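See below for the structure under consideration.
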Amino acid sequence: MKLRILITTLLSGCFALCFVAATGLDGKWTGSLFTADSTAYPLTYNFTLIGDSVAGTAKSTLGEFPIDQGKLDTAGLHFKVTVNGLDVYHNGTVYADSIGMNISLNGSVVHCMLLHSN
């Protein structure tokens with residue numbers, strides 16, 4: 001029984017990674033980060049998927065910054081961007097046409113939606 005659960009879990013994880021690879025994480029993704037007072041800050045991410053590693057850049061009104069420690073696994077998309085000395089952690093769920101992204105800084109978490117941009 002445990003073997004069956006393990007095999008099912010592994011196959012599900014492989015399917016999820018293949019699905020993400022087929023949908024094409026590579027390229028430009030855009031969205032906006034909204035603050036509590038409804039101010040919108042545009043965000044642009046350029047992702048390059050190399051195996052299960054993610055590289056690229058993150059761009060905001062503060063500038064353009066490299067993506068560090070990027071990883072794509074069965075739990076989702078994870079990476080860090082260092083902005084003016086502060087580590088900003090990103091955890092996202094990748095869908096066929098969008099990414100739901102949680103952005104963490106100093107214990108605060110905000111959510112945004114990114115869309116694949118042609």
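The table below gives the values:
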quantity	calculated
Residue within segment 79-99 that is of a type in the set (S, T, N, Q) and either closer than 13 Å to residue 27 by Cα or crowded, with 16+ Cβ neighbours inside 10 Å (or both) present	yes
Residue identified as in contact with a strand residue (DSSP E or B) (Cβ under 7 Å, 6 or more places away or on another chain), under 18 Å from residue 35 (Cα atoms) and part of a strand (DSSP E or B) among 90, 78	90
Hits in segment 61-75 - residues which are under 18 Å from residue 27 (Cβ atoms) and either at pLDDT below 95 or surrounded by 18 or more Cβ atoms within 10 Å (Cβ to Cβ) (or both)	67, 70, 72
Residues being under 15 Å from residue 104 (Cβ atoms) and free of Cβ contacts under 8 Å to residues at least 12 places away in the same chain - total across segment 63-74	1
Failed item, numbered, when residue 36 is tested on (1) at pLDDT 50 or above; (2) surrounded by 11 or more Cβ atoms within 10 Å (Cβ to Cβ); (3) hydrophobic (A, V, I, L, M, F, W, C)	(2)
Search result, residues across segment 45-62 that are without any contact (Cβ under 8 Å) to a residue 40 or more places away in the chain, in contact with a strand residue (DSSP E or B) (Cβ under 8 Å, 6 or more places away or on another chain) and in a strand (DSSP E or B)	46, 47, 48, 49, 53, 54, 55, 56, 57, 58, 59, 60
Any pair with Cβ under 6 angstrom, 6 or more apart, that starts in segment 93-111 at a residue that is in contact (Cβ under 8 Å) with a residue 60 or more places away in the chain and closer than 16 Å to residue 35 by Cα and ends at one that is in a strand (DSSP E or B) and of a type outside the set (A, V, I, L, M)	101/90; 101/92; 101/112; 103/90
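The values are calculated or read from the model by the stated rules, or taken from the named source; none is laboratory data. Everything quoted here is computed from the prediction, not taken from an experiment. As a convention, Cβ positions derive from the backbone with ideal geometry for all residues, glycine included, and neighbour counts pool all protein chains shown.
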